[in-house]
1. Where in region A:191-289 are there helices (runs of 4 or more DSSP H), lying wholly inside it, with at least 1 residues that are in contact with a Leu (Cβ under 7 Å, 6 or more places away or on another chain) and more than 18 Å from A:Trp167 (Cα to Cα)?
2. Which residues, taken from region A:1-25, are over 44 Å from the mean Cα position of the chain (by Cα) and among the polar types (S, T, N, Q)?
3. Count, please, the residues in region A:20-43 that happen to be more than 8 Å from DNA strand D (Cβ to nearest atom) and under 26 Å from B:Ile138 (Cβ atoms).
4. Going by what's in this entry, would B:Leu5 be described as within 8 Å of DNA strand C (Cβ to nearest atom), in contact (Cβ under 8 Å) with a residue 12 or more places away in the chain and more than 19 Å from B:Tyr98 (Cα to Cα)?
5. Given (1) open to solvent by 30 Å² or more (accessible area, probe 1.4 Å); (2) polar (S, T, N, Q); (3) under 15 Å from the mean Cα position of the chain (by Cα), identify the lone condition not met by A:Gln140.
6. For B:Val193, are the conditions met, namely being more than 14 Å from every other protein chain (Cβ to nearest Cβ) and either modelled with pLDDT under 95 or under 20 Å from the mean Cα position of the chain (by Cα) (or both)?
7. What residue, of A:Gly262, A:Gly226, is within 13 Å of chain B (Cβ to nearest Cβ) and free of Cβ contacts under 8 Å to residues at least 40 places away in the same chain?
There are 2 protein chains.
Amino acid sequence: MTVKLSDIAQEAGVSVMTVSNVMNGKSARVSKATIERVQSIADRLGYVPNMPARSLAASRSRIIAALVPVGENNSLLLSPHTVAVIGGVEQHLRHRGYHVLLRGIEHETDIPDAIRGWSLDGAILVEFPDAVIDRIRIDQVPLVALDSYSANPRTIGVRTDDHRGGWLAGARLTDAGHRHIIFARPPYEGMGVVGQRWEGFRSACAAADASVRIETEQVHTTFEAGREFGLRLRRDHPEATAVFATADVMAVGIMAGIAEAGGRVPDDISVIGFDNLDISAYTSPGLTTVAQDMPAKVAEAARIILDEIERDEGPRAPVSLGVALVERGSVAAPRPA
Amino acid sequence: MTVKLSDIAQEAGVSVMTVSNVMNGKSARVSKATIERVQSIADRLGYVPNMPARSLAASRSRIIAALVPVGENNSLLLSPHTVAVIGGVEQHLRHRGYHVLLRGIEHETDIPDAIRGWSLDGAILVEFPDAVIDRIRIDQVPLVALDSYSANPRTIGVRTDDHRGGWLAGARLTDAGHRHIIFARPPYEGMGVVGQRWEGFRSACAAADASVRIETEQVHTTFEAGREFGLRLRRDHPEATAVFATADVMAVGIMAGIAEAGGRVPDDISVIGFDNLDISAYTSPGLTTVAQDMPAKVAEAARIILDEIERDEGPRAPVSLGVALVERGSVAAPRPA
DNA sequence: GTGAAAGCGCTAACAC
DNA sequence: GTGTTAGCGCTTTCAC
């Protein structure tokens, strides 16, 4: 059978409680000599704590869930961006002794059950629409909502400074001289992220020149949807000279569509994206884009949730992380009229 | 407090065991009337099973781990391909009532502890080198090794038919007339996957024409490494007319490097990849590549592990899934000599 | 600094 | 068909 605390206790001639205290690093309660003796026996026997038993007794599991919405095809909506976040968070949590339960959410009503059933210590809600976050009613368990602008006090938002990102894009294009720009954004978006980018973008354009004309197009956040838009761009918006797309996948698709229709980027049309995904370096020209500070985002999410769990700190303010413009060549001066 | 079995039992006027049987669908042991009564009370009270308690008592957790090697930077090695696998597996397992624990593995010695600690019902080992899989010594717990050719009888390999995939690539290039081809593969590869692709590729070339010349280049599986190779391709291999890269990311990088160095794909050099990632459709020309049947791979991995858990079937044979060539325009006849 | 008692919520095994 | 008994391996609480 597997080694348990009582096996070690017997061999060391101490009580189970003492062994438990040693294993949990409660060194204040045990003498140094005992600690070493117990530790060495545990190592020799190859003791591995039984997590379910620990969770049951302590009603905390050292598990943090990564909850991700599932799409229409019922599989996880894992964008490259989401993946980087989850992978990074797992690393931070693992080093602090926590585990990550990856769970797709079909109906938002599954969220509370998922959390209660496992006595989760916390959860990271990845890219849910703000409206869903708004409706969450769970106390006691720290909840970090990534990329959310929900005002729900039970959740802590961690996101990029999308407003400033939008502003950078707008400033870059207007500085280059563009006065007729397409804002390409996903349809049916209940997420504050896009709204923030829009506000920032619009202010930058307005600040540059009151006469800047912006047209909004609804384009899904996929390469294919972007490509289709790129194909009809010149026909539908003959006077536009630049596009700001709210996501790199879409922007890369738009560039492909433009090229396929015989246009040139950036000579005929400038394109600017958002996210700074790997793929934005794969195109030619490379995609000029607004970079999110992913490592910081991940570290913040992990730090906040661990602080809440271990220090039981009070409600925290949401966090917005820095952005930066990355030049790669898809933006130039507008073509002569 | 939270609702537990005894609350329901009391309200329904039955024993805890009866409620437990109802909640676990052991309908053979309970009368229909009781089932309905208990069920409705449970629903009304909002009962959620306590998983740690269940795991402790039953010594099975309904958790399956997805174990992933961590890289030098200590974060999860999540290639787009890996991500698709994990996301798909999660979906299958969730629908069968299981949960996925995502865990990065720094040292291979962590694998047994991870499994024992949580009373895991099974584990999926994602893209570990064959040598690591070979050394695993865990009984009782079903282990699926993705993309492994290890002969370890304690694990079940699920992978693509890499040999045939390599063969398809070789046949496509030689059929087009190429007689001097570069095989670009990752260095220090302890994985059978690459070896299989190589064998298949070589046989196809040999079958086509004994005079086909193959040169092997070691290139990391990244866009950047591919690009660097593409840049020096013409200088280092002036007579080569085609490249077979063992991964799409690398192939896309190679295409970018070739273009940057002033070459044209496919007019000067043909390129063929492996994986059929999304990005292989983003380039122009698109990347001709060997497609893996991802949905089948995922479904097989999930099916095998669940079968082993629930039906406790004996040792199973490894599974290889189909491949298909996807034409996108990066292969043409060799340039005139 | 150490230990004894009690119990976390559930299920396996068997009795009725 | 339903109930009883026992215990999974650990932590909490409180006594010494």
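The values are calculated or read from the model by the stated rules, or taken from the named source; none is laboratory data. Keep in mind that what you see is a predicted model, and the values were worked out from it rather than measured. Glycine also receives a Cβ, built like all others from the backbone with ideal geometry; neighbour counts cover every protein chain displayed. Just the protein is used for accessible areas: all its heavy atoms, side chains included, with ligands, DNA and RNA removed. Shrake-Rupley method; radii C 1.70, N 1.55, O 1.52, S 1.80 Å.
1. Here the list reads A:248-260.
2. A:Gln10, A:Ser15
3. Here the count works out to 5.
4. yes
5. For A:Gln140, the failing item is (3).
6. yes
7. Step by step, each of A:Gly262, A:Gly226 is checked, and only A:Gly262 is within 13 Å of chain B (Cβ to nearest Cβ) and free of Cβ contacts under 8 Å to residues at least 40 places away in the same chain.
Conditions tested, residue by residue: (1) open to solvent by 60 Å² or more (accessible area, probe 1.4 Å); (2) near DNA strand C (Cβ under 9 Å from one of its atoms); (3) farther than 24 Å from A:Arg116 by Cα; (4) not hydroxyl-bearing (Ser, Thr, Tyr).
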site	(1), (2), (3), (4)
B:Ala12	no, no, no, yes
B:Ala33	yes, no, yes, yes
B:Ala53	no, yes, no, yes
B:Ile63	no, no, no, yes
